[in-house]
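J.: Below you'll find the structure I mean.
The values are calculated or read from the model by the stated rules, or taken from the named source; none is laboratory data. It should be emphasised that the depicted structure is a prediction, and the values quoted were computed from it without experimental measurement. Note that we place each Cβ from the backbone using ideal geometry, even for glycine, and neighbour counts take in every protein chain shown. Ligands, DNA and RNA are stripped out before the accessible areas are found, and what is left, the full protein with its side chains, is counted by its heavy atoms. Shrake-Rupley method; radii C 1.70, N 1.55, O 1.52, S 1.80 Å.
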Amino acid sequence: MRTVTKDNITDVFAGYFGEDTDPRLKEVLTCLARHLHDFARETQLTHDEWRKGLELLKWAGDITGPERNEFVLLSDVMGLSSLVDMIHSVPEATSSSVLGPFHVSNPPPLAIGADMKRHYDGDVLLVEGVVYDTDNKPLAGATLDIWQTAPNGLYSSQDEEQDIHSFHALMTTDENGRYSFTTVKPVEYTVPSDGPVGEILKAAGRHPWRPSHLHFIAHAEGCRSVVTEVFPDDDPYLDQDTVFGVREDLVMSYERKAAGTFPEGLELSGKVTGEYLRVEFDFHLSRDS
Ligand code: BEZ
Ligand code: FE
(Lines give C-alpha, C1' and ligand atoms only; values in the text may rest on other atoms or scores of the structure.)
(Ligands and ions follow the chains in the order given, each with its own letter.)
Protein backbone atom coordinates (compact mmCIF):
# COMPACT_ATOMS: atom_id res chain seq x y z
CA MET A 1 0.00 0.00 0.00
CA ARG A 2 1.19 3.47 -0.74
CA THR A 3 -0.02 6.41 1.36
CA VAL A 4 -1.21 9.30 -0.75
CA THR A 5 0.01 12.69 0.42
CA LYS A 6 -0.45 16.18 -0.93
CA ASP A 7 3.12 16.09 -2.16
CA ASN A 8 3.12 12.70 -3.92
CA ILE A 9 -0.44 12.65 -5.33
CA THR A 10 0.78 13.83 -8.77
CA ASP A 11 3.26 10.94 -9.03
CA VAL A 12 0.66 8.48 -7.75
CA PHE A 13 -1.75 9.74 -10.45
CA ALA A 14 0.93 9.19 -13.12
CA GLY A 15 1.42 5.62 -11.88
CA TYR A 16 -2.26 4.63 -12.33
CA PHE A 17 -2.21 4.43 -16.15
CA GLY A 18 -2.81 1.08 -17.83
CA GLU A 19 0.08 -0.39 -19.83
CA ASP A 20 -1.66 0.01 -23.19
CA THR A 21 -2.63 3.65 -22.69
CA ASP A 22 -2.08 5.82 -25.74
CA PRO A 23 1.25 7.62 -25.03
CA ARG A 24 -0.06 11.03 -26.10
CA LEU A 25 -3.15 10.69 -23.89
CA LYS A 26 -0.87 9.74 -21.00
CA GLU A 27 1.35 12.76 -21.63
CA VAL A 28 -1.58 15.20 -21.83
CA LEU A 29 -3.44 13.82 -18.77
CA THR A 30 -0.31 13.62 -16.62
CA CYS A 31 0.61 17.19 -17.48
CA LEU A 32 -2.97 18.38 -16.86
CA ALA A 33 -3.02 16.68 -13.45
CA ARG A 34 0.37 18.17 -12.58
CA HIS A 35 -0.84 21.69 -13.36
CA LEU A 36 -4.19 21.15 -11.59
CA HIS A 37 -2.46 19.83 -8.50
CA ASP A 38 0.10 22.65 -8.53
CA PHE A 39 -2.75 25.14 -8.97
CA ALA A 40 -4.57 23.76 -5.90
CA ARG A 41 -1.38 23.65 -3.81
CA GLU A 42 -0.22 27.10 -4.90
CA THR A 43 -3.56 28.84 -4.26
CA GLN A 44 -4.41 26.64 -1.25
CA LEU A 45 -7.78 26.18 -2.97
CA THR A 46 -10.63 26.06 -0.43
CA HIS A 47 -13.58 23.67 -0.50
CA ASP A 48 -15.93 26.60 -1.20
CA GLU A 49 -13.84 27.73 -4.17
CA TRP A 50 -13.58 24.17 -5.51
CA ARG A 51 -17.38 23.74 -5.15
CA LYS A 52 -18.06 27.10 -6.86
CA GLY A 53 -15.86 26.08 -9.80
CA LEU A 54 -17.71 22.79 -10.20
CA GLU A 55 -21.08 24.58 -9.96
CA LEU A 56 -20.04 26.90 -12.80
CA LEU A 57 -19.00 23.90 -14.92
CA LYS A 58 -22.33 22.18 -14.19
CA TRP A 59 -24.18 25.36 -15.22
CA ALA A 60 -22.10 25.46 -18.41
CA GLY A 61 -23.17 21.88 -19.11
CA ASP A 62 -26.82 22.62 -18.39
CA ILE A 63 -27.02 25.50 -20.89
CA THR A 64 -24.90 23.83 -23.57
CA GLY A 65 -26.89 22.38 -26.47
CA PRO A 66 -26.91 22.34 -30.28
CA GLU A 67 -27.27 26.16 -30.42
CA ARG A 68 -24.84 27.15 -27.68
CA ASN A 69 -21.59 25.74 -26.31
CA GLU A 70 -20.67 27.48 -23.07
CA PHE A 71 -17.48 25.39 -22.71
CA VAL A 72 -16.08 26.83 -25.95
CA LEU A 73 -16.94 30.32 -24.73
CA LEU A 74 -15.22 29.56 -21.42
CA SER A 75 -12.14 28.44 -23.34
CA ASP A 76 -12.36 31.66 -25.41
CA VAL A 77 -12.52 34.08 -22.46
CA MET A 78 -9.79 32.17 -20.58
CA GLY A 79 -7.50 32.69 -23.60
CA LEU A 80 -7.15 28.93 -24.18
CA SER A 81 -8.72 28.88 -27.68
CA SER A 82 -6.40 31.65 -28.85
CA LEU A 83 -3.36 30.07 -27.22
CA VAL A 84 -3.96 26.71 -28.95
CA ASP A 85 -4.34 28.62 -32.25
CA MET A 86 -1.09 30.52 -31.74
CA ILE A 87 0.88 27.41 -30.70
CA HIS A 88 0.02 25.83 -34.07
CA SER A 89 0.24 28.91 -36.28
CA VAL A 90 2.46 28.91 -39.37
CA PRO A 91 4.60 32.09 -39.17
CA GLU A 92 4.43 32.93 -42.91
CA ALA A 93 0.66 32.31 -43.14
CA THR A 94 -2.20 34.62 -42.17
CA SER A 95 -2.80 34.34 -38.42
CA SER A 96 -5.80 32.38 -37.31
CA SER A 97 -8.33 33.73 -34.84
CA VAL A 98 -11.37 32.46 -32.95
CA LEU A 99 -14.22 30.84 -34.90
CA GLY A 100 -16.92 31.90 -32.44
CA PRO A 101 -20.38 30.35 -32.27
CA PHE A 102 -22.10 32.22 -35.10
CA HIS A 103 -20.78 30.54 -38.23
CA VAL A 104 -23.54 28.79 -40.21
CA SER A 105 -23.12 25.89 -42.59
CA ASN A 106 -23.89 26.14 -46.33
CA PRO A 107 -23.55 29.91 -46.72
CA PRO A 108 -25.05 31.20 -49.99
CA PRO A 109 -22.57 31.76 -52.88
CA LEU A 110 -21.76 35.42 -53.54
CA ALA A 111 -20.31 36.47 -56.91
CA ILE A 112 -17.11 38.51 -56.97
CA GLY A 113 -18.03 42.19 -56.70
CA ALA A 114 -21.51 41.47 -55.29
CA ASP A 115 -23.17 43.08 -52.30
CA MET A 116 -23.54 41.09 -49.05
CA LYS A 117 -25.54 43.66 -47.06
CA ARG A 118 -28.72 43.30 -49.17
CA HIS A 119 -31.28 45.89 -47.91
CA TYR A 120 -29.33 47.00 -44.81
CA ASP A 121 -28.27 50.63 -44.48
CA GLY A 122 -24.99 51.83 -43.00
CA ASP A 123 -21.51 52.92 -44.06
CA VAL A 124 -20.79 50.95 -47.25
CA LEU A 125 -17.57 48.98 -46.87
CA LEU A 126 -15.75 47.61 -49.92
CA VAL A 127 -13.61 44.60 -48.98
CA GLU A 128 -11.09 43.31 -51.50
CA GLY A 129 -7.83 41.46 -51.83
CA VAL A 130 -6.04 38.37 -53.05
CA VAL A 131 -5.66 34.86 -51.65
CA TYR A 132 -2.01 33.75 -52.01
CA ASP A 133 0.01 30.78 -50.87
CA THR A 134 2.99 31.52 -48.63
CA ASP A 135 5.24 31.81 -51.76
CA ASN A 136 3.02 34.70 -52.96
CA LYS A 137 1.45 32.63 -55.72
CA PRO A 138 -2.20 33.73 -56.21
CA LEU A 139 -4.68 30.93 -55.55
CA ALA A 140 -7.46 30.76 -58.17
CA GLY A 141 -10.62 28.95 -57.03
CA ALA A 142 -9.89 29.46 -53.31
CA THR A 143 -13.03 29.91 -51.22
CA LEU A 144 -13.79 32.48 -48.56
CA ASP A 145 -16.56 31.72 -46.12
CA ILE A 146 -17.51 35.19 -44.83
CA TRP A 147 -19.75 36.28 -41.95
CA GLN A 148 -20.33 39.29 -39.72
CA THR A 149 -22.85 41.09 -37.50
CA ALA A 150 -25.75 43.09 -38.92
CA PRO A 151 -25.71 46.84 -38.07
CA ASN A 152 -27.71 46.07 -34.89
CA GLY A 153 -24.73 44.09 -33.53
CA LEU A 154 -26.46 40.71 -33.89
CA TYR A 155 -25.53 37.68 -35.94
CA SER A 156 -28.33 36.08 -37.94
CA SER A 157 -28.65 33.15 -35.50
CA GLN A 158 -29.29 35.62 -32.64
CA ASP A 159 -31.88 37.74 -34.44
CA GLU A 160 -35.40 36.74 -35.45
CA GLU A 161 -35.52 39.70 -37.86
CA GLN A 162 -32.76 38.21 -40.05
CA ASP A 163 -32.90 35.09 -42.16
CA ILE A 164 -30.19 32.59 -41.22
CA HIS A 165 -28.00 33.46 -44.24
CA SER A 166 -28.10 37.22 -43.71
CA PHE A 167 -24.49 38.53 -43.60
CA HIS A 168 -23.12 35.10 -44.51
CA ALA A 169 -21.59 34.31 -47.91
CA LEU A 170 -19.24 32.01 -49.79
CA MET A 171 -16.99 33.64 -52.40
CA THR A 172 -14.65 31.88 -54.84
CA THR A 173 -11.53 33.74 -56.02
CA ASP A 174 -11.02 34.50 -59.73
CA GLU A 175 -8.12 33.31 -61.92
CA ASN A 176 -5.83 35.88 -60.22
CA GLY A 177 -6.81 34.85 -56.71
CA ARG A 178 -8.85 38.05 -56.29
CA TYR A 179 -12.02 38.55 -54.29
CA SER A 180 -14.16 41.61 -53.60
CA PHE A 181 -17.54 42.37 -52.07
CA THR A 182 -19.46 45.19 -50.46
CA THR A 183 -21.07 45.13 -47.06
CA VAL A 184 -21.68 47.52 -44.16
CA LYS A 185 -19.01 48.13 -41.54
CA PRO A 186 -19.43 45.51 -38.78
CA VAL A 187 -19.98 46.84 -35.26
CA GLU A 188 -18.47 45.84 -31.92
CA TYR A 189 -20.65 43.54 -29.82
CA THR A 190 -20.73 41.52 -26.61
CA VAL A 191 -20.23 37.77 -26.26
CA PRO A 192 -23.21 35.97 -24.64
CA SER A 193 -22.99 36.93 -20.94
CA ASP A 194 -26.20 35.51 -19.43
CA GLY A 195 -24.52 32.26 -18.29
CA PRO A 196 -21.56 31.16 -16.14
CA VAL A 197 -19.04 32.85 -18.45
CA GLY A 198 -20.87 36.17 -17.93
CA GLU A 199 -20.74 35.56 -14.18
CA ILE A 200 -16.97 34.93 -14.31
CA LEU A 201 -16.40 38.07 -16.41
CA LYS A 202 -18.49 40.15 -14.02
CA ALA A 203 -16.75 38.78 -10.92
CA ALA A 204 -13.37 39.49 -12.54
CA GLY A 205 -14.35 43.08 -13.42
CA ARG A 206 -14.10 42.27 -17.12
CA HIS A 207 -16.39 43.49 -19.89
CA PRO A 208 -17.88 41.14 -22.52
CA TRP A 209 -17.04 43.30 -25.60
CA ARG A 210 -15.25 42.25 -28.77
CA PRO A 211 -13.86 44.72 -31.31
CA SER A 212 -15.80 44.76 -34.58
CA HIS A 213 -14.56 42.32 -37.20
CA LEU A 214 -15.24 40.39 -40.37
CA HIS A 215 -14.97 36.61 -40.03
CA PHE A 216 -13.39 34.46 -42.76
CA ILE A 217 -12.53 30.83 -43.34
CA ALA A 218 -10.08 30.75 -46.24
CA HIS A 219 -9.74 27.42 -47.99
CA ALA A 220 -7.76 26.29 -51.05
CA GLU A 221 -6.98 22.86 -52.44
CA GLY A 222 -3.62 21.60 -51.13
CA CYS A 223 -3.40 24.31 -48.45
CA ARG A 224 -4.09 24.50 -44.75
CA SER A 225 -7.39 26.36 -44.20
CA VAL A 226 -7.32 29.44 -41.98
CA VAL A 227 -10.15 30.56 -39.69
CA THR A 228 -9.56 34.23 -39.10
CA GLU A 229 -10.95 37.74 -38.54
CA VAL A 230 -10.13 41.22 -39.85
CA PHE A 231 -10.33 44.18 -37.45
CA PRO A 232 -10.40 47.95 -38.16
CA ASP A 233 -7.43 49.77 -36.60
CA ASP A 234 -9.64 52.43 -34.96
CA ASP A 235 -11.84 50.12 -32.89
CA PRO A 236 -12.01 51.09 -29.19
CA TYR A 237 -11.88 47.44 -28.06
CA LEU A 238 -8.86 46.44 -30.13
CA ASP A 239 -6.57 46.23 -27.09
CA GLN A 240 -9.11 44.54 -24.85
CA ASP A 241 -10.85 41.85 -26.90
CA THR A 242 -12.53 39.63 -24.31
CA VAL A 243 -11.62 36.49 -26.31
CA PHE A 244 -8.00 37.53 -27.15
CA GLY A 245 -8.53 37.23 -30.92
CA VAL A 246 -6.56 40.26 -32.18
CA ARG A 247 -3.24 39.66 -34.01
CA GLU A 248 -1.12 42.37 -35.56
CA ASP A 249 -1.46 41.13 -39.16
CA LEU A 250 -5.27 41.11 -38.85
CA VAL A 251 -5.61 44.82 -37.98
CA MET A 252 -6.28 46.90 -41.09
CA SER A 253 -7.03 50.48 -41.92
CA TYR A 254 -10.60 50.89 -43.19
CA GLU A 255 -9.85 53.89 -45.43
CA ARG A 256 -12.53 56.52 -45.97
CA LYS A 257 -12.79 57.15 -49.74
CA ALA A 258 -14.10 60.34 -51.33
CA ALA A 259 -17.53 60.64 -52.95
CA GLY A 260 -17.47 59.84 -56.66
CA THR A 261 -14.59 57.32 -56.46
CA PHE A 262 -16.56 54.09 -56.10
CA PRO A 263 -15.07 51.67 -58.66
CA GLU A 264 -16.79 50.37 -61.79
CA GLY A 265 -17.68 46.74 -62.28
CA LEU A 266 -19.24 46.03 -58.87
CA GLU A 267 -22.89 45.33 -58.09
CA LEU A 268 -23.21 48.72 -56.33
CA SER A 269 -21.37 50.73 -59.04
CA GLY A 270 -23.48 53.80 -59.86
CA LYS A 271 -25.45 53.38 -56.61
CA VAL A 272 -22.75 54.47 -54.14
CA THR A 273 -22.39 58.16 -54.90
CA GLY A 274 -21.21 59.41 -51.47
CA GLU A 275 -18.21 58.51 -49.30
CA TYR A 276 -17.54 54.86 -48.55
CA LEU A 277 -14.99 52.76 -46.68
CA ARG A 278 -12.49 50.38 -48.23
CA VAL A 279 -10.30 47.71 -46.70
CA GLU A 280 -7.78 45.62 -48.59
CA PHE A 281 -6.83 42.32 -46.99
CA ASP A 282 -4.71 39.58 -48.57
CA PHE A 283 -4.69 36.01 -47.26
CA HIS A 284 -1.58 33.80 -47.20
CA LEU A 285 -2.19 30.06 -46.92
CA SER A 286 0.55 27.52 -46.22
CA ARG A 287 0.82 24.42 -48.40
CA ASP A 288 -0.13 21.06 -46.84
CA SER A 289 3.05 19.31 -45.83
C1 BEZ B 1 -17.44 35.89 -32.44
O2 BEZ B 1 -16.57 36.58 -32.88
O3 BEZ B 1 -18.43 35.78 -33.12
C4 BEZ B 1 -17.27 35.26 -31.10
C5 BEZ B 1 -16.07 34.68 -30.81
C6 BEZ B 1 -15.90 34.07 -29.57
C7 BEZ B 1 -16.92 34.04 -28.66
C8 BEZ B 1 -18.15 34.64 -28.97
C9 BEZ B 1 -18.31 35.26 -30.21
FE1 FE C 1 -17.75 37.58 -34.39
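J.: Restricting attention to the stretch 157-168, which residues are outside any loop (DSSP other than H, G, I, E, B) and either buried (at least 20 other Cβ atoms within 10 Å of the Cβ) or away from ligand 2 (no atom under 13 Å from the Cβ) (or both)?
T.: His168
J.: Only one of Asp115, Asp145 is within 19 Å of the chain's Cα centre (by Cα) and either farther than 26 Å from Met78 by Cα or not assigned by TED's automatic domain parsing to the domain that holds Pro91 (or both); which?
T.: That would be Asp145, the only listed residue that is within 19 Å of the chain's Cα centre (by Cα) and either farther than 26 Å from Met78 by Cα or not assigned by TED's automatic domain parsing to the domain that holds Pro91 (or both).
J.: Can you pull out every residue in the stretch 101-124 that is assigned to a loop (DSSP other than H, G, I, E, B) and open to solvent by 70 Å² or more (accessible area, probe 1.4 Å)?
T.: Answer for the stretch 101-124, where residues must be assigned to a loop (DSSP other than H, G, I, E, B) and open to solvent by 70 Å² or more (accessible area, probe 1.4 Å): Pro101, Ser105, Asn106, Ile112, Arg118, His119, Asp121, Asp123.
J.: Sticking with this one: Which of (1) without any contact (Cβ under 8 Å) to a residue 40 or more places away in the chain; (2) touching an Asp or Glu at 6+ places or on another chain (Cβ under 6 Å) does Ile87 not meet, given it meets every other one?
T.: If we test Ile87 against (1) without any contact (Cβ under 8 Å) to a residue 40 or more places away in the chain; (2) touching an Asp or Glu at 6+ places or on another chain (Cβ under 6 Å), just (2) comes out false.
J.: I would also like to ask the following. From Val84, Val98, which residue is assigned to a loop (DSSP other than H, G, I, E, B) and either of a type in the set (S, T, N, Q) or within 14 Å of the chain's Cα centre (by Cα) (or both)?
T.: Val98
J.: Okay, moving on. Could you run through the stretch 220-265 and say how many residues are away from ligand 1 (no atom under 14 Å from the Cβ) and surrounded by 20 or more Cβ atoms within 10 Å (Cβ to Cβ)?
T.: Of the residues in that region, 6 qualify.
J.: Please work out which residue is farthest from ligand 2 (Cβ to nearest atom), limiting yourself to the stretch 173-218 and to residues that are of a type in the set (Asp, Glu) and farther than 26 Å from Asp288 by Cβ.
T.: Glu199
Okay, residues lined up against (1) more than 16 Å from ligand 1 (Cβ to nearest atom); (2) closer than 26 Å to Lys271 by Cβ; (3) in contact with a Phe, Trp or Tyr (Cβ under 8 Å, 6 or more places away or on another chain):
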{"position": "Val90", "(1), (2), (3)": "yes, no, no"}
{"position": "Pro101", "(1), (2), (3)": "no, no, no"}
{"position": "Lys117", "(1), (2), (3)": "yes, yes, yes"}
{"position": "Val124", "(1), (2), (3)": "yes, yes, yes"}
{"position": "Val127", "(1), (2), (3)": "yes, yes, yes"}
{"position": "Val131", "(1), (2), (3)": "yes, no, yes"}
{"position": "Thr134", "(1), (2), (3)": "yes, no, no"}
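J.: Filter the stretch 192-209 down to the residues that are open to solvent by less than 10 Å² (accessible area, probe 1.4 Å) and assigned to a loop (DSSP other than H, G, I, E, B) and list them by number.
T.: The answer is Gly195, and nothing else.
J.: If you go through the stretch 81-111, how many residues are closer than 12 Å to Asp145 by Cα and away from ligand 2 (no atom under 14 Å from the Cβ)?
T.: 6
J.: Would you check if Ser180 is crowded, with 16+ Cβ neighbours inside 10 Å, assigned by TED's automatic domain parsing to the domain that holds Ser156 and of a type in the set (Ser, Thr, Tyr)?
T.: yes
The rows are residues; the columns are (1) in a loop (DSSP other than H, G, I, E, B); (2) of a type in the set (Asp, Glu); (3) modelled with pLDDT of 95 or more.
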residue: Phe244; (1), (2), (3): yes, no, yes
residue: Asp249; (1), (2), (3): no, yes, yes
residue: Ala259; (1), (2), (3): yes, no, yes
residue: Pro263; (1), (2), (3): yes, no, yes
residue: Leu268; (1), (2), (3): yes, no, yes
residue: Arg278; (1), (2), (3): no, no, yes
residue: His284; (1), (2), (3): no, no, yes
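J.: Which condition number in (1) modelled with pLDDT under 95; (2) in a strand (DSSP E or B) is the one that Val187 fails?
T.: (2)
J.: Also: With Val4, Val12 as the choices, which residue is of a type outside the set (D, E, K, R), open to solvent by 60 Å² or more (accessible area, probe 1.4 Å) and farther than 29 Å from Ala203 by Cβ?
T.: Val4
J.: Looking for whichever is buried (at least 20 other Cβ atoms within 10 Å of the Cβ), closer than 20 Å to Arg224 by Cα and either acidic (Asp, Glu) or in contact with a helix residue (DSSP H, G or I) (Cβ under 7 Å, 6 or more places away or on another chain) (or both) here; the options are Asp133, Asp174. Which one fits?
T.: Asp133
J.: For Pro66, all conditions in the list (1) open to solvent by 90 Å² or more (accessible area, probe 1.4 Å); (2) modelled with pLDDT of 95 or more; (3) outside the structural domain of Val197 (by TED's automatic domain parsing) hold save one; what is the number of the exception?
T.: Answer for Pro66: the failing condition is (2).
J.: Do any residues in the stretch 94-105 that are among the aliphatic types (A, V, I, L, M) have Cβ atoms under 6 Å from those of residues that are open to solvent by 20 Å² or more (accessible area, probe 1.4 Å), where the two are at least six apart or on different chains, and which pairs are they?
T.: Close Cβ pairs satisfying both conditions: Val98/Ser81; Leu99/Val227; Val104/Ile164.
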